[in-house]
Amino acid sequence: MSKSFLDTKDLTAAFSDAGRSLLPLLIEHLPIAVALVDNDMRYLVANPRWYQDYGLPDESIIGRSHFDVFEDYSDYWRNIHGRCLAGETLRKDEERYVMADGRVIWVQWDLIPWRQQDGSVAGIMMFTRIITEQVEARQALEKQRGLIDIVLETIDDGIVTCNADGKLGLFNRATREFHGLGPEAVGPDDWAELYSLFQADGQTPMAPDDVPLARAARGEIVKDAEMVIAPLGKPPRFLLADARPLQGPDGSNLGAVAVMHDQSDLRRREAALRLEATRLRNAERVGRTGSWEWDAKTDKVHWSEGAKRILGLPAEKGMDFDQTLLLVHPDDRQGVGDFLRDALENKDSYVHEWRGMRPDGTVHDVRSRGEVVRNEAGQGVMIIGTLLDITEFNEIGRSLAVKAEQLSRAELIGRSGTWERDLSSGLSSWSEGMAALLGVSLDPTEMARVQPGDFLHPDDRDATVSIISEASETGNNFEADCRIIRSDGEVRYVQLRGGFILDTAGKPAKLAGAMHDVTALKQHETALQALTERYQLASEVSKTATWELWPEERRILSDENLPRLFGATVASDEFDNWLGRVDPEGQQAVDQQLEDVVTGKVDTLDLTVSARRVDGSKIWLAPFGRAMRGEDSLRIVGTVRDVTQEVVAQKQLERQQRELAEYAAELQRSNADLEQFAYVSSHDLRAPLRGIDSLASWIEEDLGDTLHGEPAKNLALLRSRVKRLEDLLDALLQYSRAGRKLNEATVVDTDAILHETIDLLGLKKGFVVEVNGPIPAVHADPVALRIVFTNLIGNAIKHHDGESGLVSISATDDDHMATFRIVDDGPGIPAVFHSRVFEMFRTLKPRDELEASGMGLAIVKKTVERNGGSIVIEELSQPRGTVFVFTWPKHETRSKQEEIQ
Amino acid sequence: MGANVTFLAVDDDEIDLMALKRAFRAADMANPLISAGDGQEALELLRAGKVDKPFIVLLDINMPRMNGFEFLDEIRADPELLRSVVFILTTSRSERDVIRAYDHHVAGYIVKSNATQTTKDLATMLDSYRRLVELPTER
């Protein structure tokens, strides 16, 4: 365009062809300033823009010299114009120009010489364009670019670019530092290795394809890719990389840019923070503490993990104040709410204890400490607090109180006390038990007045004090047995134990000790000693040794009585030494029982064995022991007693019993023989007797009336003697049968039997038998009972010396026996005969005077006794009358044993 | 009938036999009375056919050689003699003896106590018995 415009020929043609009138119009409206001067620099043409751009006055400058118009025309411009007038075309893209009013503008100018037809330079065509704005904009941009460069060089993030061919471009300072290298002329495939890129773990080398810049170069947008740069000899850096492809406005591929953010410090800080948080959590957990915040404005409550643990809160849970209060024990809830609200308003800090109740219902004690945060207006806006679970402390406190109480009680019960004496101040403090021991009060003033030493018994004082002072020198604990005199004057035996508590310098600072009343123990000791002596004596006298046996080791420990039993002088703990003295059979028995104990079959050892003493004499020993089973040990503890005398006595007794049994059998045989004899003899004797009687009666019959006088009387006597002998034989037979079981014994109506017997007796005239009161039933064979009554009542009447008489019968009874009394008013039996009347064939009068066998009472006695009763004649004060008293069992009394016998 | 019943008295006591004879006489009993001193002799007489049938045995218990029970054992075991009518005539009042006698199927057990009177009663009883009671007679 400018070419054709500047062609003079064309210009001429334009002027000539398109009309000269249009050209000025064109020039006038050109957006650039245009002027034409001649070779004298006088203006030929200047368009309005020229005027406007250079701030020229309104009057025309045509015809005026350029030097006039621009007063400060400089040599710079004279030179330039001269060169142009000399035919040179000149151009400057940016020319700084100071206006007349001092404004600086930037101008782009073109100076072109115009020539005449002959080619000589006729003047200059001047074109200028004000480009101040463009220049200033460019300058500002350049300034900005410099800033960006500085920024790129100074920021800590690494920025790197590559072009479409994978050539590295921008590589800022941080990047260089990261890698310890600048941009090298290597392709993307070598970046990972060259620049020491690793994956996030810092260990695994990064694959070339994974390099963020390479990925971006392939068109990918990479965000927050973790990577590690670890050049040899440098600490690894943890980086977060962003990368994106670069595109021209037309979508062309301009390469890619990557930004790497160094997170190493952040990582370290995070790790430290995590550690800190963990420590805090652990501290909270271990310390049973937690913290919390209450933002009063938002009514949000935040709990630390520890606080949640204390309160039993489940997971992350937002809470407001009122919900928080639900974690407080219902009894304390109102109080805690009021307290915190009050604290928010009126307090700066507080300490408060309350009980919490966890959602699972467990109750715990909490100490809450808090500070109130206030705004400028002094309003409480937040409470920051800590919680401490003091359940354990409280429990410990409570149990300590209980322990102290127990200790105090234990001291009193155990007759013990403790005291402490500060050596520098000389002040003592005593426990309650100590005060009770000494019989003083716990009053501090009194305690200050007296010393434990004041109570020492004068006789023991010096010894005790010297023991204590010796301990103060050696630093050892001391122990002393001594007596004290209580405030009430009573003397007690005590045991003192104590020691010195050293100060930091190692010098005794305090004397502390315990006193234990051993008076009772002393008494017990004395008693025990006496007991031990008695035991010694007793075991010696009773010939008993005590021992402890380890059967598996065959080891025995014994007192000195064991060797003594064997007549040995030396003790031995080898069991077999002692067992060897036992007879073989006994050894076997002992070993068998030991084995049974060892195998757990039995727990006791109990037998009697014979053994030889050292002097060869035979003894009998009775070892007895009980197994003591430990974890894996077994011992038997017991005694061994010399039972020789007992065994000998036992053997003698057994022999006697055997003899007795033989004797009893013999007796039984002889009794049976006797009965047989009585039976046979009564029968055999009776036969001839009957013969005699028959013969006598035949003589009487045959002689008839011719028999009289002496022969008749003798014959009568003969027959009466036969009769007496027959009666005696009958009685003898009866006696032999007495007590023999005839009928089954049952409980019988004694009263009925008695009356029956009386009826059968056929009483003599003038005699009365009366039965007084109730007669108890007894257990009897009715026949036996009848024999007894018949004989006793019959005797009473038969032996009565009067014309009339009275026999009275009465009875009493207890649970087992009935007692019968048969009382008569006859002549009585002299006391000397009381026992003899029960003998066989015993009569007190000649038989010619009173015909009697003398067997009646013998039969009665035998019957009563065979039935388990007894009979006596009662001693009477009056001369006449006899009282027979006999007993009879009411129930079956014979044991099976007796039955068999 | 009955007039020809033979009595065999087995007793070792001669006086008892005499008493029996006196009683028979007193009761006008003409029946033959054979006596044997003990069971052995009585058994021999019976087995020898020396005692005519029908007969009644009057048997004592205590006797030498063969006593009354041993004699009873023998005749009760002997088919020829097992139906013999036997009265025990003894001094024994023993219950055991009484029971044992009846176990041997005796016709009666009579205790000789008051010698004279008993024997008289016995004779009277036996007289009535021999007249009223039918006895086995077959050979």
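The values are calculated or read from the model by the stated rules, or taken from the named source; none is laboratory data. Remember, predicted model here, so these are calculated numbers, not experimental data. Here the Cβ is made from the backbone with ideal geometry for all residues, glycine too, and neighbour counts use every protein chain on show.
Restricting attention to the stretch A:850-881, the residues that are surrounded by 18 or more Cβ atoms within 10 Å (Cβ to Cβ) and farther than 25 Å from A:Val778 by Cβ add up to 2.
Among the candidates A:Asp481, A:Asp462, the residue that is outside any helix (DSSP H, G or I), more than 37 Å from the chain's Cα centre (by Cα), surrounded by fewer than 18 Cβ atoms within 10 Å (Cβ to Cβ) and not small (Gly, Ala, Ser) is uniquely A:Asp481. Please verify whether the stretch B:85-96 includes one or more residues that are more than 14 Å from chain A (Cβ to nearest Cβ), farther than 30 Å from A:Leu725 by Cβ and surrounded by 17 or more Cβ atoms within 10 Å (Cβ to Cβ). Looking for residues that are more than 14 Å from chain A (Cβ to nearest Cβ), farther than 30 Å from A:Leu725 by Cβ and surrounded by 17 or more Cβ atoms within 10 Å (Cβ to Cβ), one finds at least one in the stretch B:85-96, hence yes. On the stretch given as the stretch A:87-103, residues that are under 15 Å from A:Asp72 (Cβ atoms) and of a type in the set (Gly, Ala, Ser) total 2.
Restrict the check to the stretch A:226-238 and report whether at least one residue is touching a residue at least 40 places away in the same chain (Cβ under 8 Å) and surrounded by fewer than 11 Cβ atoms within 10 Å (Cβ to Cβ). No, the stretch A:226-238 contains no residue that is touching a residue at least 40 places away in the same chain (Cβ under 8 Å) and surrounded by fewer than 11 Cβ atoms within 10 Å (Cβ to Cβ).
Residue-by-condition table, conditions (1) within 14 Å of chain B (Cβ to nearest Cβ); (2) closer than 30 Å to B:Leu17 by Cβ; (3) of a type outside the set (Ser, Thr, Tyr):
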| residue | (1), (2), (3) |
| --- | --- |
| A:Thr608 | no, no, no |
| A:Gly625 | no, no, yes |
| A:Gly630 | no, no, yes |
| A:Ile636 | no, no, yes |
| A:Arg655 | no, no, yes |
| A:Arg658 | no, no, yes |
| A:Tyr663 | no, no, no |
| A:Ser670 | no, no, no |
| A:Ser697 | yes, yes, no |
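Restricting the stretch A:301-320 to residues that are over 17 Å from A:Arg367 (Cα atoms) and at pLDDT 80 or above, the residue that is surrounded by the fewest Cβ atoms within 10 Å (Cβ to Cβ) is A:His302.
Restricting attention to the stretch B:60-84, the residues that are within 14 Å of chain A (Cβ to nearest Cβ) and over 19 Å from B:Leu20 (Cα atoms) total 2. Given the structure, is A:Thr12 touching a strand residue (DSSP E or B) at 6+ places or on another chain (Cβ under 9 Å), of a type in the set (Val, Ile, Thr), over 18 Å from A:Gln108 (Cβ atoms) and at pLDDT below 85? No: the conditions fail for A:Thr12.
Please return the ranges of helices (runs of 4 or more DSSP H) entirely within the stretch A:508-624 where 2 or more residues are surrounded by 12 or more Cβ atoms within 10 Å (Cβ to Cβ), of a type outside the set (Phe, Trp, Tyr) and modelled with pLDDT of 85 or more.
In the stretch A:508-624, the matching helices (runs of 4 or more DSSP H) lie at A:561-566, A:575-579, A:584-598.
Residue-by-condition table, conditions (1) small (Gly, Ala, Ser); (2) farther than 28 Å from B:Asp28 by Cα; (3) without any contact (Cβ under 8 Å) to a residue 24 or more places away in the chain; (4) surrounded by fewer than 21 Cβ atoms within 10 Å (Cβ to Cβ):
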site	(1), (2), (3), (4)
B:Arg83	no, no, no, yes
B:Ala101	yes, yes, no, no
B:His104	no, yes, no, yes
B:Ile110	no, no, yes, yes
B:Glu134	no, no, no, yes
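Yes/no matrix, rows are residues, columns are (1) of a type in the set (Ser, Thr, Tyr); (2) modelled with pLDDT under 90:
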{"residue": "A:Arg115", "(1), (2)": "no, yes"}
{"residue": "A:Gly119", "(1), (2)": "no, yes"}
{"residue": "A:Met125", "(1), (2)": "no, no"}
{"residue": "A:Thr128", "(1), (2)": "yes, no"}
{"residue": "A:Arg138", "(1), (2)": "no, yes"}
{"residue": "A:Gly146", "(1), (2)": "no, yes"}
{"residue": "A:Ile150", "(1), (2)": "no, yes"}
{"residue": "A:Glu153", "(1), (2)": "no, yes"}
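Considering only the stretch A:148-180, state which residues are over 18 Å from A:Asp265 (Cα atoms), among the hydrophobic types (A, V, I, L, M, F, W, C) and without any contact (Cβ under 8 Å) to a residue 40 or more places away in the chain.
Of everything in the stretch A:148-180, those that are over 18 Å from A:Asp265 (Cα atoms), among the hydrophobic types (A, V, I, L, M, F, W, C) and without any contact (Cβ under 8 Å) to a residue 40 or more places away in the chain turn out to be A:Ile148, A:Ile150, A:Val151, A:Leu152, A:Leu168, A:Phe171.
Which residue, of B:Val57, B:Val133, is within 16 Å of the chain's Cα centre (by Cα), away from chain A (no Cβ under 14 Å) and farther than 18 Å from B:Val10 by Cβ? Steps first, answer last, please.
Working: B:Val57 fails: farther than 18 Å from B:Val10 by Cβ.
Result: B:Val133 is the single residue among B:Val57, B:Val133 that is within 16 Å of the chain's Cα centre (by Cα), away from chain A (no Cβ under 14 Å) and farther than 18 Å from B:Val10 by Cβ.
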